[in-house]
Amino acid sequence: MPARPPRPTHTPRTSRSSRSIRTTLLAATAVAAALALAVPAVAAVPTAAPGRGDHAATRKALDANVKDGVVGIAAQAKDEHGVWKATSGVGDLKTGEPRSARDHFRVGSITKTFVSTVLLQLEAEGGLSLDDRVEKWLPGVVRGKGHDGREVTLRQLLNHTSGIAEYTSDDRFVKDVFLAEGFFKNRYRTWTPRELVGIAMKHKPDFAPGTDWSYSNTNYVLAGMVIEKATGHSYGHEIRARVIKPLGLTDTEVPGTDPTLPKPHSRAYSKLAETTDGKTYDVTRFNPSAAGAAGGMISDADDLNRFYSALLRGKLLPRKQLAEMKNVIPVDGENGGYGLGLITYELSCGVQLWGHSGGIHGSLSETATTADGRHTLTFNFNGDWTGDSLSIVEAEFCEK
């Protein structure tokens, strides 16, 4: 992640290097030396059976991140020993109040897995095909500077092989949304999906559809628009009806334009600058329409663990569609890749994980699970400029 303002989901472009898929997935990886916060780490609270699965290495990694500058972390793991919850650092820099393991937070690009799941359900029902051209569902929307929706498939939106330009890289959008002056002027502004796509259409495509891979939030804004066109309902309505309610995800929301977070929640912090030093701002209140279907959702660690576990265990998609979701574009040699709203990568100990991460103002989140969905970890940083999330994932899945 470059030393630039955090994007409303992830760094938009990732090159094909040995680090690339982790750069995309692990949005909280440190970008530079962060402000050292003189706050004590709050002890993790294990809820697993005593003496079994104490997650000591994970606890140590959480505390190390706080020592290195992360404001606070809320985490939850679920495995054969049960559920383990932990916090470290603080949730409010003014009061020193610790983070809560029950915190709600903005999940950023984790939203993409929910959106992809809905589109794959629609395919299974015969409502659409992933080989449909975008033009079929959104005539005239993907046009300009060489973009042509007649050449882009829905599948290419979901796996980021469309070549469609990234709207969050637009200089004007960066100033309006990611830098301090523009953020405080526009934090409650509503951005429509057509408006966000229109920003992307002012720029040339990154490449011809299907010839390369590049992470673009514009793809998922379009996917949300396709869901609405195909069903007559917003993407949020369909996620609630098809995923949230069936799984009983009572702490998961698609807030639309609502700038608030449900209680309990910690404060969310950002530098709102091109560098990671300088003033720290409270960005808790923010209209997430700037991210929309690419990253606007809210959840908590328990709900995200249940969602990804259910997804990987085949509870949300038929076998064919789940296989499509897991059919990845190689991005990190043979060990990692991006599927349809789902990322896979291999840890140093050989464990293969599936999941997604997400960054949005004041929040960096990650969920990772084993292929059988039986060991899952979710954690959230309530600051968006620093952190080493790979160390936490390695500790949870590799340390014995």
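Of note:
- Applying D = kT/(6 pi eta Rh) to the range 94-208, where Rh is the Kirkwood radius over alpha-carbon pairs, T corresponds to 4 °C and eta to 1.567 mPa s, the Stokes-Einstein value obtained is 78 µm²/s.
- The range 316-355, accessible surface, carbon-and-sulfur percent (1.4 angstrom probe): 49 percent
- Dimensions of the range 254-327 based on its C-alpha atoms, expressed as ranges along the principal axes with the largest first, amount to 49, 29, 21 Å.
- The range 151-190 - percent of accessible surface contributed by carbon and sulfur, probe 1.4 Å: 46 percent
- Convex hull of the range 60-108 built on C-alpha atoms - directionally averaged projected area, nm²: 4.3 nm²
- Only Lys, Arg (+1) and Asp, Glu (-1) charged, at Cβ; the chain dipole about Cα centre in debye: 520 debye
- Kirkwood Rh in Å, taken over the range 193-296 so that all alpha-carbon pairs contribute: 16.3 Å
- Over 28 Å (Cα to Cα) - which of K175/K326; K175/K263; K78/K315 fall in this group: K175/K326; K175/K263
- Overall dimensions of the chain as given by Cα atoms, namely Rg and Dmax in Å: 19.5, 61
- Shape category assigned to the range 296-369 from the gyration tensor of Cα positions, a/c cut at 1.5: oblate
- Inter-part distance, the range 120-166 to the range 227-285, computed on C-alpha centroids, equals 24 Å.
- The convex hull around the C-alpha trace of the range 119-277, projected and averaged over every direction, spans 11.0 square nanometres.
- Kyte-Doolittle mean at least 0.0, axial Cα span of 18 Å or more - DSSP H helices of the chain: 111-124, 217-231
- Helical contribution to [θ] at 222 nm, DSSP H n ≥ 4, -39,500 (n - 2.57), averaged over the chain, rounded to 500: -8000 deg cm²/dmol
- FRET efficiency estimate (nearest 0.05) - Cβ-Cβ, E181 to A64, R0 30 angstrom: 0.30
- The R313 and T250 beta-carbon pair, evaluated with R₀ = 25 Å, returns a calculated FRET efficiency of approximately 0.80.
- For the range 110-149, the fraction of alpha-carbon pairs in successive 5 Å shells from zero, as %: 6, 22, 19, 22, 19, 11, 2, 0
- DSSP loop GluC sites (Glu not before Pro) with at most 12 other Cβ within 10 Å: longest gap in the chain: 126-333
- Counted charge near A77, where neighbours are those whose Cβ lies closer than 9 Å (Asp, Glu -1; Lys, Arg +1): 0
The values are calculated or read from the model by the stated rules, or taken from the named source; none is laboratory data. Since the structure is predicted, the reported quantities are computational estimates derived from the model, not experimental observations. Glycine also receives a Cβ, built like all others from the backbone with ideal geometry; neighbour counts cover every protein chain displayed. Calculation scope for accessible area: heavy atoms of the full protein, side chains included, ligands and nucleic acids excluded. Shrake-Rupley method; radii C 1.70, N 1.55, O 1.52, S 1.80 Å.
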